[in-house]
Every structure is written in structure tokens, then in C-alpha cells.
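Structure first, commentary second.
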Amino acid sequence: MLVSAKEMLTKAKAGHYAVGQFNINNLEWTKAVLLTAQELNSPVILGVSEGAGKYMCGYKTVASMVSAMIDELKITVPVALHLDHGSYEGAFKCIEAGFSSIMFDGSHYPINENIEKTTELVKICAEKGLSLEAEVGSIGGEEDGVVGAGEIADPNECKSIADLGVTMLAAGIGNIHGKYPENWAGLNFDALDAIQQLTGDMPLVLHGGTGIPEEMIKKAISLGVAKINVNTECQLTFAAATRKYIEDGKDLSGKGFDPRKLLAPGFEAIKATVKEKMELFGSVNKA
């Protein structure tokens, strides 16, 4: 059964570890994440971008697939199905489709409009028992058309959003989606510390978890980050494993490749990546 992310993140913030959000793009990715979470006894959040939701035939299809897989695979660890960087309209669609957690990314709106739209979603999510993530200060890079310049969030604006009653808060602290450039300045821990001071027990979210050095990940967790998003690294490992399988010429026959065999190396690569991140984030045996 899908659950809200609230309890798992509250425990993570208090216990000084982070829960991983791993974006899913197909059946293989979803199965790999769920099985690894079960194996490691770790809570997990499955992230779905609006682009991925469209690719997988809509949010209702995704919610049905994930719920069925939890049942068929006998998954007992807490699993939240979360809209990632959702629009205002997308948030309502995912609520209707049966997601257990929603992110409304209002960071590109003026702060007053961000507050207004977030306030409405806080009310609806509270009524339905769903967790809600909000964002202040856009995240750098591009993900499914959502582009950010890597802004540093204003701590006072973060407090204004946190005080609305959201479950978790994503604040831009110099993090970006995709690969980090060689001249990346790193995370702004002064900003993160100031944000935590003003938002108290609110679990904070770190987007763009791929490529951030281990020591920075651990310091971010010590400063209140309780949820870390991973997507690009899964994309890279899945693609590399699949490409190698093809280049090695395995499973060649007059009928072509068996898709189940073709995707198997990528499936294992996702499992290995998720395991590595869960161990780094400290969520193993925290279910």
C-alpha cells in the first residue's frame, strides 16, 4: 500500500539520515527500486516527473502499476509515490490518480503567487492524507522542460512557505539537475543552515543528488536534509549497461534481441545504484 512521505521524513530528520527519492521511468526501474528497498529494509520514495508520467500512459497507469507491483512483489517497506516538480494542474491530476505524495514546484512564480497556490494544495493534501513538497529558489539545470539557474533560496521566503503547513521543503542552495560542471561552486551550506534555523523541524529536500560529493551529502543531512533526489545517475547507469549489452552482441539471433534480456543489465545497474545511495543516505534498516 502506498503511504504519505510524512512519517518517513519526520523520522529521517530526527534520526539524521535521508530517504532517497528515485525517479522511475518504466517497469524495470520501478521493480529495481522496490526490490532494493525491500532487500535493504529502507523506506523509499518513487518520483515521477510530468514527462515520465506522460510517457508511461498517464498518472493513473503509473499509480496502478506501482500499487500492483507492491502487492505482487510483497513489498512491506514504506513506499510513497511522488509527483516530482509538478505544475499546479499536474498536482491535481496526480491527487485524482491516487499518488500518495505531491510536489508543487511554484519556484518560478512570484513568492506571493507561490504562497497562494501552495496554500490551496496544503488544504487539499491535508484532507486526503497526502504529503506535499514545495520549492523556493529554482534548482539549476533542466529536467523535463523545468529549467532553473541554480538560485539560492531566500531563507525568509522559505519560512513563509514552510509556515503554510507543507510536509517538506525544497530550497535551492546551488544544486542542479543533471551532471555538475567542473567549475561548480558546490552547495551553499550557509544558506542551508539559515533555512533550517528558520524552518525548524521541517524536513528539507535536496534535488540533483547525482554527482554531489559524499562529504557534501553528509553535511547537508546534518543540516536538515531528509530527502535526496536521484535521477540522472540512474539514467546514466541504465543506459551504459544496456549499451554494453548491445555492443557485446549478446543474444543475437535471426529474431533480434529478446527485450527481457536486453533490459536485464540495466535493471541490475539500477539496483546497484539505488543500493549505493541508500547506504550513503543512511536509510538502510530504517523502514
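The values are calculated or read from the model by the stated rules, or taken from the named source; none is laboratory data. Everything numeric here is computed off the predicted structure, so don't read it as measured data. Methodologically, a virtual Cβ is constructed for each residue, glycine included, from the backbone with ideal geometry; neighbour enumeration extends over all protein chains shown.
What to note about this one:
- Qualifying residue in the stretch 92-107 (condition: closer than 24 Å to Ala171 by Cα, of a type in the set (Ser, Thr, Tyr) and at pLDDT below 95): yes
- Any hit, the stretch 194-207, residues being exposed (fewer than 15 other Cβ atoms within 10 Å of the Cβ), more than 11 Å from Ala18 (Cβ to Cβ) and touching a residue at least 60 places away in the same chain (Cβ under 8 Å): yes
- Pair list, Cβ under 7 Å, 6 or more apart: the stretch 11-22 residue under 16 Å from Lys219 (Cβ atoms) and touching a residue at least 12 places away in the same chain (Cβ under 8 Å), other residue surrounded by fewer than 23 Cβ atoms within 10 Å (Cβ to Cβ) and among the basic types (Lys, Arg): Tyr17/Lys286
- Residue-level analysis places Glu276 outside the set of residues that are assigned to a helix (DSSP H, G or I) and either at pLDDT below 95 or on the phi > 0 side of the Ramachandran plot (or both).
- Condition check for Leu35: out of contact with any Cys (no Cβ under 9 Å at 6 or more places or on another chain), part of a helix (DSSP H, G or I), surrounded by fewer than 23 Cβ atoms within 10 Å (Cβ to Cβ) and not β-branched (Val, Ile, Thr): yes
- Test: residue in the stretch 42-49 that is assigned to a helix (DSSP H, G or I) and of a type in the set (A, V, I, L, M): no
- Per-region count, the stretch 115-156, residues modelled with pLDDT of 95 or more and of a type in the set (Asp, Glu): 4
- Within the stretch 77-125, restricting attention to residues that are touching a Lys or Arg at 6+ places or on another chain (Cβ under 8 Å) and small (Gly, Ala, Ser), the residue that is surrounded by the most Cβ atoms within 10 Å (Cβ to Cβ) is Gly106.
- Hey, Leu262 closer than 26 Å to Val33 by Cβ, at pLDDT below 90 and among the hydrophobic types (A, V, I, L, M, F, W, C) or not: yes
- Selection count where residues are at pLDDT 95 or above, under 18 Å from Asn229 (Cα atoms) and out of contact with any Pro (no Cβ under 9 Å at 6 or more places or on another chain), scope the stretch 59-86: 5
- Residues of the stretch 242-258 satisfying the condition of being surrounded by 10 or more Cβ atoms within 10 Å (Cβ to Cβ) and at pLDDT 60 or above: Thr242, Arg243, Lys244, Tyr245, Ile246, Asp248, Lys250, Asp251, Phe257, Asp258
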